[in-house]
1. Is it the case, given these coordinates, that D:THR120 is of a type in the set (S, T, N, Q) and closer than 23 Å to D:VAL22 by Cα?
2. Working only within the stretch C:46-77, note down all residues that are more than 10 Å from every other protein chain (Cβ to nearest Cβ), among the hydrophobic types (A, V, I, L, M, F, W, C) and within 26 Å of B:ILE17 (Cβ to Cβ).
3. Among C:ASP32, C:ASP68, which is charged (D, E, K, R), touching a residue at least 12 places away in the same chain (Cβ under 8 Å) and surrounded by fewer than 21 Cβ atoms within 10 Å (Cβ to Cβ)?
4. Looking only at the stretch A:1-14, filter to residues that are closer than 26 Å to A:GLY109 by Cα and without any contact (Cβ under 8 Å) to a residue 12 or more places away in the chain; which one of those is least open to solvent (accessible area, probe 1.4 Å)?
5. Checking C:TRP76 against (1) among the aromatic types (Phe, Trp, Tyr); (2) in contact with a Phe, Trp or Tyr (Cβ under 8 Å, 6 or more places away or on another chain); (3) closer than 30 Å to C:ALA138 by Cβ, only one condition comes out false. Which one?
6. Condition check: within 8 Å of chain C (Cβ to nearest Cβ) and out of contact with any Lys or Arg (no Cβ under 6 Å at 6 or more places or on another chain). Does B:VAL91 satisfy that?
7. Only one residue in A:ALA96, A:ALA139 is among the small types (Gly, Ala, Ser), at pLDDT 85 or above and either part of a helix (DSSP H, G or I) or farther than 30 Å from A:LEU23 by Cβ (or both). Which one?
8. Do you know which residues across the stretch D:1-45 are facing chain C (nearest Cβ under 10 Å), in contact with an Asp or Glu (Cβ under 7 Å, 6 or more places away or on another chain) and either on the phi > 0 side of the Ramachandran plot or not polar (S, T, N, Q) (or both)?
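The values are calculated or read from the model by the stated rules, or taken from the named source; none is laboratory data. No experiment lies behind these values; they were computed from the predicted model shown. Cβ placement follows ideal geometry from the backbone for every residue including glycine, while neighbour counts extend to all protein chains displayed. Calculation scope for accessible area: heavy atoms of the full protein, side chains included, ligands and nucleic acids excluded. Shrake-Rupley method; radii C 1.70, N 1.55, O 1.52, S 1.80 Å.
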Number of protein chains: 4
Amino acid sequence: MGKTRLEAFSDGVIAIIITIMVLELKAPHGSDLSSLLPVLPSLLAYALSFIYLGIYWNNHHHMLHLADRISGGILWANLHLLFWLSLVPFVTSWVAEDSRASIPTAMYGLVFLLAAIAYTILERAIIARQGPHSKLKAAVGDDRKGLASLALYATAVILSFVHPWIADAIYVFVALIWLVPDRRIESLVQSALHTEHGS
Amino acid sequence: MGKTRLEAFSDGVIAIIITIMVLELKAPHGSDLSSLLPVLPSLLAYALSFIYLGIYWNNHHHMLHLADRISGGILWANLHLLFWLSLVPFVTSWVAEDSRASIPTAMYGLVFLLAAIAYTILERAIIARQGPHSKLKAAVGDDRKGLASLALYATAVILSFVHPWIADAIYVFVALIWLVPDRRIESLVQSALHTEHGS
Amino acid sequence: MGKTRLEAFSDGVIAIIITIMVLELKAPHGSDLSSLLPVLPSLLAYALSFIYLGIYWNNHHHMLHLADRISGGILWANLHLLFWLSLVPFVTSWVAEDSRASIPTAMYGLVFLLAAIAYTILERAIIARQGPHSKLKAAVGDDRKGLASLALYATAVILSFVHPWIADAIYVFVALIWLVPDRRIESLVQSALHTEHGS
Amino acid sequence: MGKTRLEAFSDGVIAIIITIMVLELKAPHGSDLSSLLPVLPSLLAYALSFIYLGIYWNNHHHMLHLADRISGGILWANLHLLFWLSLVPFVTSWVAEDSRASIPTAMYGLVFLLAAIAYTILERAIIARQGPHSKLKAAVGDDRKGLASLALYATAVILSFVHPWIADAIYVFVALIWLVPDRRIESLVQSALHTEHGS
């Protein structure tokens, strides 16, 4: 299996996921500005999920760019990742229905936590196949960002039972880590991680 | 017709099928964990169908990798396969509505039985075109896994009228045959086939 | 504009159209075989539209295979064709709602008539650009099948007001012309055309 | 990141957006011609959005054709554009629900205004990366059409509060500017701009 077709299939699936979410945005049942209000949480949730999927697409591409050959195990690890990503429209529309409820907010984070775990498994599978001189291993390094995201998602899932807005803030924060890739933010993440793990 | 465009079109259709199924997963009508319960059968049915379509995509790719040229017959045999696969979201959402009913469970298996028959027809069409020294023929061999799947689907369709859970167990079992490709499972399939055919 | 990207975009749009139609197939509201009955017209309409779109995809590919360069005019002629094809899911679900009504049956044919006209315009645009020694012109010849389809669609639209089943029969017949491409059927089409035009 | 994969992903997303809009076209609840009437605004809105997305796809392709390499900034500028385009089905179905209301008509223009701004940002990002001898800069020139569209969208958003039909006329007019690219229309745009800005 060449990696070109794996990339094309993954691109197709992510392009569809990122776009069909918009089908959950039902046209408001009125024609004034106030009728847009109930749709607002949906719009914000959609925007956040769009950014997350954009980040996944971007990272997925860079990772596969450094992969050499695709084994059966890598193929299924990739489908495993796509499975969790495909549940994003589901949890996005649930969280949009009642954004102040704990369970949907926690489920939103849980799906991204499982997607992040699937991403890590895929990464490890590619590195394992490349052997000791793995190009991907060299590029990823100790993958602090990835591990920080995992920890932050897990923290958000738990803290959404304290208050959903705490979890929402963490979700936005994780997106920012990947969107604004500078050193200060990374060190900020680490200190935040220490604080949250300590709490 | 080059096979590249046939592959790209098939990939596109399978990527869409695998993703739009998630649109059938309606956001729960509540915000507590118990409101997730009625969605659970949908989620499980979605996961199983996702795995099945992943297996089809994987096998389809390997088969076309060994094909040389595409004739009109192969093109239509391929569209025939895509037609049955495109009905997967329909039967998945039906089986999810009442997972303890016989008819939807049988229909679920029937669509996969017809897809498996379409797959076999496509395989034969490619082999026939390749002639006596067919690479695909050599790779497929006597295609025990494919024939076992056909027999298992047919058995499941019938046994879903005895009890749907028997059929469900067979569906999971067929998925496992393709996911975990080791010798012991294959011999297990064969003995299972003998038992079921004897019953 | 290279034709590769035009092909890829068209393939993508047709793949999506052919697949999202299945979203109109709502899971039956019961679990016995009789609850499948109200869905049956949808299933048949879906199957016919699937075959039509398969034929369009097939012919579209062969036509573009013989095209050289893409002009702005060809690009928009292609989008014009895709527009009418994109309305297929809409008329398919309308005809499925009440398959014995004249208007939906006529509209179904009208969309395919307009798609066939758009296809002919695209064909002419490519031939015009290729000049006197057009490869496509040589391959298409006098395009009797295409013209026959146009005439048959127009006839079906009119005859659906006499009885929808006459139109349905013509729709199935046009699909057969393209699926079973032998000489006898073609001469059959011509005599049928004479009869229908004479009526 | 090669630009091939960026193009393929963008094509996929635009192909999906352009096609899923048709899912908002619900089959009429009757079988006579008059039952098509309530769907007519939807059909017209769909047709206009289809043309707009076709224009975007066309221009996007020409722009990327002149781009050399893709940076992280260009990638996110591209996703930013796709985000606003992905909201087109949402505003299209809203404007179709009550085409005589000001707010939905204004929102329709607002999404295209934001898409046009995102397009301009993407254009600038590519030009900036190409440096002083930018091929894209040379091709785009002073981009009068792009700036005129921006101004016309903004004008339409404001004038939709005077009367929605004025905005609708401007939307059709902007589409015509891009569809019929001759000099007279361009000068017409400029004089129109002067008049509207003067009002």
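1. Working: of a type in the set (S, T, N, Q): yes; closer than 23 Å to D:VAL22 by Cα: no.
Criteria not met by D:THR120.
2. So the first thing to find is which residues in the stretch C:46-77 are more than 10 Å from every other protein chain (Cβ to nearest Cβ), and the list is C:48-49, C:52, C:56, C:59-60, C:63, C:66-71, C:73-74, C:77.
Pick out the ones that are also among the hydrophobic types (A, V, I, L, M, F, W, C) and you get C:48, C:63, C:66-67, C:70, C:74, C:77.
Of everything in the stretch C:46-77, just one residue is more than 10 Å from every other protein chain (Cβ to nearest Cβ), among the hydrophobic types (A, V, I, L, M, F, W, C) and within 26 Å of B:ILE17 (Cβ to Cβ), namely C:LEU48.
3. That would be C:ASP68, the only listed residue that is charged (D, E, K, R), touching a residue at least 12 places away in the same chain (Cβ under 8 Å) and surrounded by fewer than 21 Cβ atoms within 10 Å (Cβ to Cβ).
4. Per the criteria, the residue is A:PHE9.
5. (2)
6. Considered against the rule, which asks whether it is within 8 Å of chain C (Cβ to nearest Cβ) and out of contact with any Lys or Arg (no Cβ under 6 Å at 6 or more places or on another chain), B:VAL91 comes out as no.
7. Values: A:ALA139 fails: at pLDDT 85 or above.
A:ALA96 is the lone residue from the list that is among the small types (Gly, Ala, Ser), at pLDDT 85 or above and either part of a helix (DSSP H, G or I) or farther than 30 Å from A:LEU23 by Cβ (or both).
8. D:ALA8, D:GLY12, D:ALA27
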